[in-house]
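For reference, the structure is listed below as structure tokens.
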Amino acid sequence: MDIATAVGLLLGAALLLISVLIAPGSSLAAFVDVPSGLVVVGGAIAACGIAYPFGALLRTPSVTMKLFFPKAPELKATIAQLVSFAEVARRDGILALENKLDEVQDPFVKMGVQMAVDGTDGELIEAVMRGEIEAVAARHKVGKGLMETLGRYAPAFGMIGTLMGLIIMLGNMDDPEAIGPGMAVALITTLYGAIMSNLFCLPFADKLGYYSKREMEVREAVVRGILSIQEGDNPRVLEQKLSTMLPQADRTLAA
Amino acid sequence: MDIATAVGLLLGAALLLISVLIAPGSSLAAFVDVPSGLVVVGGAIAACGIAYPFGALLRTPSVTMKLFFPKAPELKATIAQLVSFAEVARRDGILALENKLDEVQDPFVKMGVQMAVDGTDGELIEAVMRGEIEAVAARHKVGKGLMETLGRYAPAFGMIGTLMGLIIMLGNMDDPEAIGPGMAVALITTLYGAIMSNLFCLPFADKLGYYSKREMEVREAVVRGILSIQEGDNPRVLEQKLSTMLPQADRTLAA
Amino acid sequence: MDIATAVGLLLGAALLLISVLIAPGSSLAAFVDVPSGLVVVGGAIAACGIAYPFGALLRTPSVTMKLFFPKAPELKATIAQLVSFAEVARRDGILALENKLDEVQDPFVKMGVQMAVDGTDGELIEAVMRGEIEAVAARHKVGKGLMETLGRYAPAFGMIGTLMGLIIMLGNMDDPEAIGPGMAVALITTLYGAIMSNLFCLPFADKLGYYSKREMEVREAVVRGILSIQEGDNPRVLEQKLSTMLPQADRTLAA
Amino acid sequence: MDIATAVGLLLGAALLLISVLIAPGSSLAAFVDVPSGLVVVGGAIAACGIAYPFGALLRTPSVTMKLFFPKAPELKATIAQLVSFAEVARRDGILALENKLDEVQDPFVKMGVQMAVDGTDGELIEAVMRGEIEAVAARHKVGKGLMETLGRYAPAFGMIGTLMGLIIMLGNMDDPEAIGPGMAVALITTLYGAIMSNLFCLPFADKLGYYSKREMEVREAVVRGILSIQEGDNPRVLEQKLSTMLPQADRTLAA
Amino acid sequence: MDIATAVGLLLGAALLLISVLIAPGSSLAAFVDVPSGLVVVGGAIAACGIAYPFGALLRTPSVTMKLFFPKAPELKATIAQLVSFAEVARRDGILALENKLDEVQDPFVKMGVQMAVDGTDGELIEAVMRGEIEAVAARHKVGKGLMETLGRYAPAFGMIGTLMGLIIMLGNMDDPEAIGPGMAVALITTLYGAIMSNLFCLPFADKLGYYSKREMEVREAVVRGILSIQEGDNPRVLEQKLSTMLPQADRTLAA
């Protein structure tokens, strides 16, 4: 589980809540307004519905889950597995990898090993695997883009709601007592939009980008590894090459 | 029909409408002001008229229709058709494709097959087809750019209208009762500009970009397919290569 | 003449004028303030004077004229002329083009044909012609950049003028009657800056960019055509290659 | 120690402090509000917690220390050391460098010399060293990006705090005396956000970028130097090549 | 001397001054506030001190002087000199250029000719000269970047100053007479920030960019010229090649 995402959300929400509760003359009720919430959240979702294909919208909940429970494979473990496969292929022939297929969790590695075992041409293996990487990268980009788009439209609909509230208030100025509360309600949509954008959508988009980049690195290592195995390279050279992708602390350089 | 575009528009419009109707002391009439609409919509169109050539403006209605009724060809069906043509060409010779020309709906595929049947040189086929792709991409870019430009000028003319309303109101402050309604009217143009930009133009531009990208992918597959057919490649290899462009779920990898 | 530029300007100006005239309690006089105009227009010009070399500023009027009376050569006619020259060169030798030089209007085409007739080396022809294209592109970029810069500084000086007006007004609050009109005058510079930027400078910059791109396309076709003529290529192949630069409707593909 | 960072911070803080103290009717107490500080600083940190992985956040204090006590190696001294190593390798053979390893402070230079002494293949040396450079550059980019992200969210949470303050104030307008101080407190979060962003985070990010670029230059020189030593190049040619990376004043061109 | 810079500054300053003096009820004294100036100018300088290394800040005055008294060498004269050197080298041998070295003003040309006379290898000449160009370009980029950074922080500290002024004013609302002047003083920092940014820093940065680009063009011509001389090229071909860098009006094409 991604502790930072959860802690960040809790910290941000707690800070805003507490500062409302300790302020003199304030109450939580003054900050809850259902129609305002509908205009901001619903409006931003409506704009994203127009901007994005339907399928992308349906993936939003699962994309959001990834922020809390990421399932990016570990680069170091993947490299170790690839090197051990290279050793097996060198010692017992590439067909011996068929027995190892059951051990493989990652479907991307599985696909690559299967093609190598089947004797598929190296160029075609690379084309198929890179095509898959590009497809995953495009899907990640849509997920990140949707969060950014929500984060862009939420403040815009916050402003639209405030303008609507101000127009209503300014058209009913007979009762001077109602002016203050009217403006307060009008400002709530702008507040909702700013919070939705700056505490949820935009940081979510940033972290999705971070996970996507890390997953692409692992997949890049897999492609290089499978091709190296298929060509029968020395496992030691493969290890040295792939370990340059690791941070120095995690590296074990066989000098 | 693109459900997401229609649902998004209806949802957004309904939310704004309902939140106006349920607000105490509000009425729909307070939000309707024809001159304000003319300044915002007309001003944004005038600015686009200056910024873009006349032909591009005339295409706007047909561009907008595409958001609801997209006609981008399906990548999967196109690949299947290209593979079946490759099989015919391998079995019966490339001239046998002449009988298939009537089946082809997509004029871009038709043009490619016709050139291949006519024995046109491969390099020239590629130059003509890529020239066509670039021309279509440029046309799409103009359509998307026009929507973005409308979405940029609409809030600007909204602000211009509000400034004009404020200047009029501030010059007539003899009647304190008129100040509130005067400011309310002044703010309507800013509201119109924000809605036009954030519920219509900018999401429209995003979706046009999405459709354009998908159409370019299909056309790229067609170019690769026609060239492969013209060179007499193995239909199986063609299928494997093109299927890397499909999302994994839609793929049928002949191992 | 570019109808769209003229119609856009008239439409935008008419809309703003009419909405001022029909507003109750408003008069055109309330929107005319010469010092405000001087601060916005003069300030933006002063900033551009610092930002750009003197020569670029002097070209502004002629750049503005191009928006109404563009003189970009037609791509289709240019291609037809190049193909006819290629036919002459093929039939009667490249020296026969000397008699055609008087027909040529476009000095860029003239320069190219002259060099080809003079037997200049192909590489040098390309270097000279591309150098000329780059020089023209750089000049266009300065013209477009100047319009964008004016469009960026005009709202900034509008805001400076409004701040100055507010400071004056706030320092003289003895007469409450003068507060409203004082603020009205203060807001006029912001209004002027927004109109200058959004109805004039920024759309002008967009259209200059459009014309520049179209002219570069024509010049690119000329370079390819002249080099093809100099190398004695087949006029039919030249026609096919250049016609891929045309929109499909204008193309006549000799299969 | 980086004098400019320290002087800039002191100067900026002193200016703001003094201008508060000398203003008539002002007191420092009016600018201190702990809950406001918590909303701005805590909110920005919470958003960064969501946006960034946990490890990056933990490195923030050490990243901040680097702004005051940078430890980027000197380009000139590094080049001199590399040239002296090239002379030793030329005169006494590359194995003679083993005795020099103890002199080397910079672990990056040490790693390179060690690999060269071990007779590692030149291509592998380059791959390992460039992999290390990329890893450091990525780590620097995360540090800089975190500062920029803090600098982007601080004003956003400043605005959120001000909106919350305004909503509370507008809901309690019974006591007109409290309106002014209420708004004053509401504005404090915006002030805190602007100061945190413009006096701390954004300038910090700029300087981190500057140090990163300088360190990358030094490391680039090391890679070129080690490869040159490994290939047994002439030390004079190496010196001439590397000295083109120095500013002219620091160069000693052996003509 | 760069007339446009001086005229632009005078025009902008005069416009603002006159519009203050002719406004009814206004006086220059209302716009002068020393602490406000210290917050804006000092704050922007402090932020730049943190963002940039100390050396860059010390170069600011000399960078500003360049805006009024630019010393970029003339492209046309430089090309003429290089061609005349090529003629000498062709006629009397490259060593004959040694006598010409005293004529050369530009140290960059001098360095190139000296290396050519010394018989330095062509590749090394190019590496040294391009290294020097990159170093100068990097120095220019720092100068331009510093002006842009000042232009970005000045309005930010203007806003910080205004927020501070508003907070002080809102905390002292006992005397209604003081509210207006209090807000006027608070707005002065925003005005100062806007003027410093839009009349000074940002246009300065634009013009520095323009001069840098022109100087790089001249140096590029010098590199090509020196290499051509070192290889003993025909002076006529060198002239034709370099003259493609000149605007057409300045060119004398030897057909």
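Quick look at the numbers
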{"quantity": "Out-of-range pairs (alpha-carbon distance over 23 Å; input D:207/E:141; E:71/E:207; C:213/E:66)", "calculated": "C:213/E:66"}
{"quantity": "Under 16 Å from residue D:100, Cα to Cα: aspartates and glutamates that are on another chain or at least 8 residues apart", "calculated": "D:87, D:92, D:118"}
{"quantity": "Burial of 30 Å² or greater, the range D:34-62 residues [accessible area, probe 1.4 Å, versus chain by itself]", "calculated": "D:35, D:39, D:46, D:50, D:51, D:53, D:54"}
{"quantity": "Per-residue average of Cβ from other chains inside 10 Å of D:23-30", "calculated": "5"}
{"quantity": "Inter-copy label distances at residue D:34 (7 Å, Cα→Cβ; nm, one decimal)", "calculated": "3.8, 3.8, 6.2, 6.2"}
{"quantity": "Accessible solvent surface per residue of chain B, calculated while the other protein chains remain in place, 1.4 angstrom probe, Å²", "calculated": "45"}
{"quantity": "With Cα atoms, 0 to 90° folded angle of helix E:202-230 axis to chain E main axis", "calculated": "10"}
{"quantity": "Chain A - percent of accessible surface contributed by carbon and sulfur, probe 1.4 Å", "calculated": "62"}
{"quantity": "Tilt relative to chain A, helix A:179-195 - C-alpha long axis, 0 to 90 degrees, to 10", "calculated": "0"}
{"quantity": "Label point 7 Å beyond Cα along the C-beta direction, distances from residue D:3 to other copies (nm, shortest first)", "calculated": "4.3, 4.3, 6.9, 7.0"}
{"quantity": "Centroid-to-centroid separation of the range A:173-242 and the range A:108-168 [C-alpha atoms, Å]", "calculated": "11"}
{"quantity": "Computed magnitude of the charge dipole of the range D:33-255 (debye, nearest 20; Cβ of K, R +1, Cβ of D, E -1)", "calculated": "260"}
{"quantity": "The protein assembly as shown shape via C-alpha gyration tensor axes, a/c threshold 1.5", "calculated": "rounded"}
{"quantity": "Helix D:3-22 vs. chain D, principal-axis angle (Cα, 0 to 90°, nearest 10)", "calculated": "10"}
{"quantity": "Whole-number D in µm²/s for the range C:1-125 (Stokes-Einstein; Kirkwood sum over Cα pairs; 10 °C, 1.306 mPa s)", "calculated": "79"}
{"quantity": "Between A and B, accessible area buried - total, square angstrom, nearest 100, 1.4 angstrom probe", "calculated": "3300"}
{"quantity": "Calculated P(r) of the range E:33-255 - Cα pairs past 32 Å, %", "calculated": "43"}
{"quantity": "Inter-copy spacing of residue C:95 label points, which lie 7 Å from Cα along Cα→Cβ, given in nm from shortest upward", "calculated": "4.7, 4.7, 7.6, 7.6"}
{"quantity": "Candidates per GluC sites (Glu not before Pro) in the range C:189-233, loop by DSSP, up to 13 other Cβ within 10 Å", "calculated": "C:231"}
{"quantity": "Dipole-positive endmost among D:228, D:69, D:45 within the range D:33-255 (Cβ charges, Cα centre)", "calculated": "D:228"}
{"quantity": "Neighbourhood net charge (10 Å Cβ-Cβ; Lys/Arg +1, Asp/Glu -1) for residue C:130", "calculated": "-3"}
{"quantity": "The range A:33-255: relative contact order as a whole-number percent, Cα under 8 Å and 6+ apart", "calculated": "36"}
{"quantity": "Shape of the range E:16-68, Cα gyration tensor, a/c cut at 1.5", "calculated": "oblate"}
{"quantity": "Shielding of B:148-156 by partner chains, average beta-carbon count, 10 Å", "calculated": "2"}
{"quantity": "Average other protein chain Cβ within 10 Å of Cβ, residues A:169-180", "calculated": "5"}
{"quantity": "Residue D:21-residue D:231 pseudo-label distance in nm [points 7 Å out on the Cα-to-Cβ vector]", "calculated": "6.3"}
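The values are calculated or read from the model by the stated rules, or taken from the named source; none is laboratory data. Keep in mind the model is a prediction, meaning the values are calculated, not measured. We place every Cβ from the backbone using ideal geometry, glycine too, and count neighbours over all the protein chains shown. Heads up: the accessible areas ignore ligands, DNA and RNA and are worked out on the full protein's heavy atoms, side chains in. Shrake-Rupley method; radii C 1.70, N 1.55, O 1.52, S 1.80 Å.
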